[in-house]
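Engineer: Would you mind keeping the following structure in view while I ask a few things?
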Amino acid sequence: MQQPQRSAVLYARVSSKEQEQGYSIAAQQELLRSYAAQQGLSIQREFFDAETAKSTGRPAFAAMLGVLQKDPKCRVLLVEKTDRLYRNIKDWLTVDELDIEIHLVKENVVLTKDSRSSEKFMQGIKVLMAKNYIDNLSEEVRKGLRTKAAQGLYPSFAPPGYRNTVRPDGKRVIVPDPAFGPIVTKLFGWFATGEYSLKALARKAWEEGFRFRKSESKVPVTTLHKILRKRIYTGEFEYGGVTYQGSHEPLVAREVWERVQEILDGRHGKKHRKMHHSFPFSGLVSCGHCGCSLVGEMKKQRYVYYHCTGYRGKCPEPYTREETLEEQFADHLRGLVIPPAVLTWLQAELVASDCTERAAREQELRREQRELERLQTRLDVLYDDRLDGRIDAATYDRRATEIREQQQRARQRASAGQVALPPASEALDLMVVTSKAAELFLRQPAAEQRRLLHVVLKAATWKSGELRMSLREPFEQLRLSNSATHTNRGHFGGDNGLSGIWRRGGDSNPR
């Protein structure tokens with residue numbers, strides 16, 4: 001008897017940049033529909049997100065999660081590849097909690113709750129690589145903005161009193177707003193006299209016609225206070241914690257601006273607070289009795305103890321020495337130290353994965369080059385038809401325009417395929433650095449200990465002298481895999497036959 005078809009949902013995504021380069025949702029849908037037909041899957045719903053710079057979030061992604069959460073019969077998700085589904089580690093964890101079967105069609109990978117730990121770990125590495133790639137792009141953008149700032153060009157939206165414009169050389173700059181610029185100059189002058197409060201200055205600004213550009217609503221006192229604090233009106237500006245000399249025209253004399261700062265400091269100066277001891281584990285651990293946080297406290301100017309805040313009432317958990325907590329954290333983190341044999345295997349796996357991805361890119365690049373050659377041949381034939389009088393000028397222009405547009409899209413796709421991928425070794429480097437940090441945990445200063453825990457720790461509880469903790473992915477998979485490679489005789493080695501346990505994730509029946 002023929003088995004009934006299993007239900008599945010389809011998800012596709014393109015970013016605004018990819019849309020510019022000619023990528024489409026339709027191509028992903030065609031691939032996934034064909035795959036579903038081959039696998040005997042019935043597509044119940046199709047979801048797609050076409051992200052733009054003006055919108056945030058992924059509404060179709062959220063809707064897809066809702067369907068998979070509510071429909072127990074639909075347990076299969078089809079997607080082109082990893083970076084189509086996950087944009088960050090949070091997305092990965094959200095999907096992982098659904099207990100579904102994920103088909104990454106282009107990567108020829110199927111992930112389920114019963115997948116081997118090595119497969120889950122490698123998937124985590126790919127998500128980290130995708131996030132690292134995004135972080136690198138963000139870093140390049142910030143680097144470009146810092147370069148612009150160093151040239152004296154304000155690298156952001158114009159503040160009130162200025163407006164953005166483009167110079168003849170194509171560079172975006174700020175210039176005084178002819179309507180509001182003079183009013184900003186007056187505001188600083190009035191406040192520098194010391195005769196106006198911020199509320200009185202806000203009323204006078206309204207009377208002078210000072211408004212928000214778009215809404216034309218009243219500028220509140222809080223915004224006015226921020227304006228008076230901005231150094232940009234003196235001709236300088238601050239960006240990324242550095243003060244730059246701007247090339248824009250100042251609206252306020254430096255002496256006036258400094259006088260305004262003195263008045264604001266005198267009226268709104270903050271009281272200095274006594275610095276407290278740095279407690280590395282405060283707020284990171286929950287009480288196992290009542291769920292409140294554990295906080296540190298100095299005793300006798302020498303000893304540090306942690307105790308439950310007791311926000312939910314009196315708690316039976318006694319005070320705990322910081323050294324005790326530190327030792328138990330160190331014991332748990334030793335599970336992140338990657339054995340040499342596993343490290344060697346991971347390096348080989350990542351290199352293989354990297355080669356596969358690059359081979360796929362090269363194949364796509366060759367396909368686009370063939371497409372460019374085909375389009376050029378069509379354009380040459382069309383030109384001959386025009387010379388021989390087989391088509392008129394209007395027809396030639398229309399068809400030639402269509403072909404040239406197709407050529408441009410193909411060139412953009414080929415150019416995108418040539419963008420350098422982040423080396424696979426970078427993802428492994430993160431794991432190695434974390435491994436070393438975990439090994440040296442007891443010798444690190446408090447700030448470094450806390451930084452490491454923020455990276456790897458998902459949750460931790462303390463109850464009756466015992467620390468329990470869970471780690472973020474893929475560190476939890478690394479810990480579980482390492483745990484399977486230990487015996488009563490000690491750590492595993494590359495020649496004791498236990499590396500197979502790590503690769504199989506404890507599975508005795510490979511798929």
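The values are calculated or read from the model by the stated rules, or taken from the named source; none is laboratory data. Because the structure is predicted, anything quoted here is derived from the model rather than measured. Neighbour counts are summed over all protein chains in view; Cβ atoms, including those assigned to glycine, are modelled from backbone coordinates with ideal geometry.
Engineer: Does segment 183-193 include one or more residues that are in contact (Cβ under 8 Å) with a residue 24 or more places away in the chain, crowded, with 19+ Cβ neighbours inside 10 Å, more than 26 Å from residue 242 (Cβ to Cβ) and of a type in the set (Gly, Ala, Ser)?
Structural biologist: yes
Engineer: Kindly indicate the residue of segment 214-256 that is outside any helix (DSSP H, G or I) and acidic (Asp, Glu) and also modelled with the lowest pLDDT among those meeting that condition.
Structural biologist: Residues of segment 214-256 outside any helix (DSSP H, G or I): 214-220, 230, 235-253.
From the residues that got through so far, the ones that are acidic (Asp, Glu) too are 216, 236, 238, 249.
Details: 216: 83, 236: 92, 238: 88, 249: 93.
My answer is 216.
Engineer: Given 87, 75, which one is surrounded by 16 or more Cβ atoms within 10 Å (Cβ to Cβ) and either at pLDDT below 85 or outside the structural domain of residue 40 (by TED's automatic domain parsing) (or both)?
Structural biologist: Values: 75 fails: either at pLDDT below 85 or outside the structural domain of residue 40 (by TED's automatic domain parsing) (or both).
Of 87, 75, the one residue that is surrounded by 16 or more Cβ atoms within 10 Å (Cβ to Cβ) and either at pLDDT below 85 or outside the structural domain of residue 40 (by TED's automatic domain parsing) (or both) is 87.
Engineer: Is it the case that residue 463 is more than 14 Å from residue 330 (Cβ to Cβ) and in contact with a helix residue (DSSP H, G or I) (Cβ under 9 Å, 6 or more places away or on another chain)?
Structural biologist: Working: more than 14 Å from residue 330 (Cβ to Cβ): yes; in contact with a helix residue (DSSP H, G or I) (Cβ under 9 Å, 6 or more places away or on another chain): no.
Considered against the rule, which asks whether it is more than 14 Å from residue 330 (Cβ to Cβ) and in contact with a helix residue (DSSP H, G or I) (Cβ under 9 Å, 6 or more places away or on another chain), residue 463 comes out as no.
Engineer: Conditions first: (1) surrounded by 13 or more Cβ atoms within 10 Å (Cβ to Cβ); (2) within 30 Å of residue 24 (Cα to Cα). Residue 373 passes all but one, so which condition is the exception?
Structural biologist: (1)
Engineer: In segment 1-34, which residue that is within 12 Å of residue 77 (Cα to Cα) and over 30 Å from the mean Cα position of the chain (by Cα) is modelled with the highest pLDDT?
Structural biologist: 7
Engineer: Right, here's the next one. Just for helices (runs of 4 or more DSSP H) wholly inside segment 398-511: which have at least 1 residues that are modelled with pLDDT under 75 and in contact with a Phe, Trp or Tyr (Cβ under 6 Å, 6 or more places away or on another chain)? I'd like the intermediate steps shown before the answer.
Structural biologist: Working: elements: 424-439, 446-456, 475-483, 499-504.
Once the helices (runs of 4 or more DSSP H) in segment 398-511 are filtered for at least 1 residues that are modelled with pLDDT under 75 and in contact with a Phe, Trp or Tyr (Cβ under 6 Å, 6 or more places away or on another chain), what remains is 475-483.
Engineer: State whether the residues of segment 194-213 include one that is outside any helix (DSSP H, G or I), more than 26 Å from residue 146 (Cβ to Cβ) and under 34 Å from the mean Cα position of the chain (by Cα).
Structural biologist: Going residue by residue through segment 194-213, those that are outside any helix (DSSP H, G or I) are 194-197, 208-213.
Subset that is more than 26 Å from residue 146 (Cβ to Cβ): 194-197, 208-213.
The next check asks that each one be under 34 Å from the mean Cα position of the chain (by Cα); those that pass are 212-213.
Within segment 194-213, one or more residues are outside any helix (DSSP H, G or I), more than 26 Å from residue 146 (Cβ to Cβ) and under 34 Å from the mean Cα position of the chain (by Cα).
Engineer: Among all residue pairs at least 6 apart or on different chains, which show Cβ distances below 6 Å where the first residue, located in segment 27-46, is over 12 Å from residue 105 (Cβ atoms) and the second is part of a helix (DSSP H, G or I)?
Structural biologist: Close Cβ pairs (under 6 Å, with a partner that is part of a helix (DSSP H, G or I)) amount to 43/36; 45/67.
Engineer: Restrict the check to segment 318-337 and report whether at least one residue is touching a residue at least 60 places away in the same chain (Cβ under 8 Å), part of a loop (DSSP other than H, G, I, E, B) and over 30 Å from the mean Cα position of the chain (by Cα).
Structural biologist: No, every residue in segment 318-337 fails to be touching a residue at least 60 places away in the same chain (Cβ under 8 Å), part of a loop (DSSP other than H, G, I, E, B) and over 30 Å from the mean Cα position of the chain (by Cα).
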